[in-house]
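Readers should treat all values here as calculations from the given coordinates under stated rules, not as data from a laboratory. Keep in mind that what you see is a predicted model, and the values were worked out from it rather than measured. Virtual Cβ from ideal backbone geometry, glycine too; neighbours counted across all protein chains shown.
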Amino acid sequence: MGRTIAVTNQKGGVGKTTTSVNLSACLAYLGKKVLLIDIDPQGNATSGVGINKGETQHCIYDVLIDDEDIRNVIKVTKVENLSVVPATISLAGAEVELVSTISREVRLKHALEDVKDHYDYVIIDCPPSLGLLTINALTAADAVIIPVQCEFYALEGLSQLLSTIRLVQKHLNQELYIDGVVLTMLDARTNLGIQVIEEVKKYFQEKVYKSIIPRNVRLSEAPSHGEPIIIYDPKSRGAEIYLELAREVVKNG
Ligand SMILES: Nc1ncnc2c1ncn2[C@@H]1O[C@H](COP(=O)(O)OP(=O)(O)OP(=O)(O)O)[C@@H](O)[C@H]1O
């Protein structure tokens, strides 16, 4: 049975999209069948796997708001084993429209019911908020991955995220595991990153993945070429570390 994992943290710019895209591509590289769902109106995961947002007729908005069958929205990417449900700017209005929609918190979960088992992994790239789009991702997921940037305010807002996760569990009487916390953008030139790693490990203990993502220029270049790092520069440190992370995720079940 496929595992659905939401990559979430309401803090902006912590590496959610970079992790969603590259973890998905590395899982696909390991031979897993992967569906990446872009539920962030910025649509960066969509372009990050080479899909032109301007030429996309249907997107996740149509699934969430207009009951479009998700199978009609899925696009095959240039990465073998990796497909994507794209997001376009039309998703920006969805938070407001969802409020007056029936089953507004579980629309993604219902949409995925028929396709989920065709994949080994469904990875959802969440927006930087705790609104209805993120709630839809959390209710559809079996587990979450929380990217935490190695910077001074790393833990800020995480208690809010954890209480939202607990709320979803309680409200829907559903298990939602933290698969792990991934530390991102570690800058090896300063000691600050090491202090943050210690602090995050104290808080999340064994939930912190061993694979710590360094700041890597190739990782920041890859999206502008519409390629995950494993395609753009497979020999880079960025590719190696996301492959290690994918192996950890596979080990977790
Ligand atoms: N390990 C890394 N090395 C270098 N640059 C990185 C790395 N991870 C992310 N970045 C860059 O940092 C910026 C923010 O990353 P990303 O878009 O993945 O964060 P996000 O949490 O998805 O952002 P948002 O909250 O806006 O959705 C991007 O420009 C990305 O290319």
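Please get the size of the charge dipole for segment 143-253, origin at its Cα centre, with Cβ charges of +1 on Lys and Arg and -1 on Asp and Glu, quoted in debye to the nearest 20. Each step should come with its number before you reach the end.
Values: 13 positive and 14 negative charges, 38 e Å.
My answer is approximately 180 debye.
Looking at the chain, what % of its DSSP beta bridges pair antiparallel, to the nearest 5?
Details: 2 of 28 bridges.
Bridges in the chain that DSSP calls antiparallel: roughly 5 percent.
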* Can you find, among 176, 228, 191, the residue farthest towards the positive end of the dipole of segment 165-250? Put +1 on the C-beta of Lys and Arg, -1 on that of Asp and Glu. => 191
* Interchain or long-range residues, amide H under 5 Å from residue 208's placed H -> 181
* Asked: Residue-wise, which Karplus ³J(HN,Hα) couplings in Hz belong to segment 70-87, taking 6.51 cos²θ - 1.76 cosθ + 1.60, θ = phi - 60°, and x for glycine or proline?
  -> 4, 5, 7, 10, 5, 10, 7, 9, 6, 8, 4, 6, 10, 10, 9, 9, x, 10
* Taking the Cβ-Cβ separation of residue 218 and residue 76 as r and a Förster radius of 35 Å, what is the calculated FRET efficiency to the nearest 0.05? -> 0.90
* Asked: Taking the simple approach of a point 7 Å from Cα along Cα-to-Cβ for both residue 237 and residue 173, what is their distance in nm?
  -> 5.0 nm
* Determine the calculated [θ] at 222 nm for the chain from helices alone, applying -39500 (n - 2.57) to every DSSP H run no shorter than 4 residues and normalising by the residue count; nearest 500 deg cm²/dmol. => -11000 deg cm²/dmol
* **Peptides ranked, highest mean first, by Cβ atoms within 10 Å: ranges 186-194, 120-128, 224-232** => 120-128, 224-232, 186-194
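Which order do the peptides 81-89, 153-161 take when ranked by the mean count of other beta-carbon atoms within 10 Å per residue, highest first?
Details: 81-89: 23.9, 153-161: 14.7.
My ranking of the peptides, most packed first, is 81-89, 153-161.
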* To do: Report the charge-dipole magnitude of segment 1-58 in Debye, nearest 20, computed about the Cα centre from +1 at each Lys and Arg Cβ and -1 at each Asp and Glu Cβ.
  => 220 debye
* Under-5 Å amide H pairs with residue 4, H placed in peptide plane, nonlocal only -> 122, 142, 143
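Sort 132-139, 35-42, 104-111 by packing, meaning the average of other beta carbons within 10 Å per residue, with the highest value first.
Details: 132-139: 23.9, 35-42: 26.8, 104-111: 18.9.
Ranking, from highest mean packing down: 35-42, 132-139, 104-111.
Nearest 20 debye, what's the magnitude of the dipole of the chain about its Cα centre given +1 on Lys and Arg Cβ and -1 on Asp and Glu Cβ? Present the calculation step by step, with values, prior to reporting the outcome.
On the way: 26 positive and 32 negative charges, 142 e Å.
In total the dipole reaches around 680 debye.
Calculate, in nm to one decimal, what residue 92 and residue 247 gain on full extension: separation in residues at 0.36 nm each, minus their alpha carbon distance. Could the numbers behind the result be given before it?
Numbers: separation 155, 0.36 × 155 = 55.80 nm, distance 3.37 nm.
The residue 92-residue 247 span can extend by a further 52.4 nm.
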* **Value of relative contact order over the chain, rounded to a whole percent, pairs C-alpha under 8 Å and six or more apart** => 27 percent
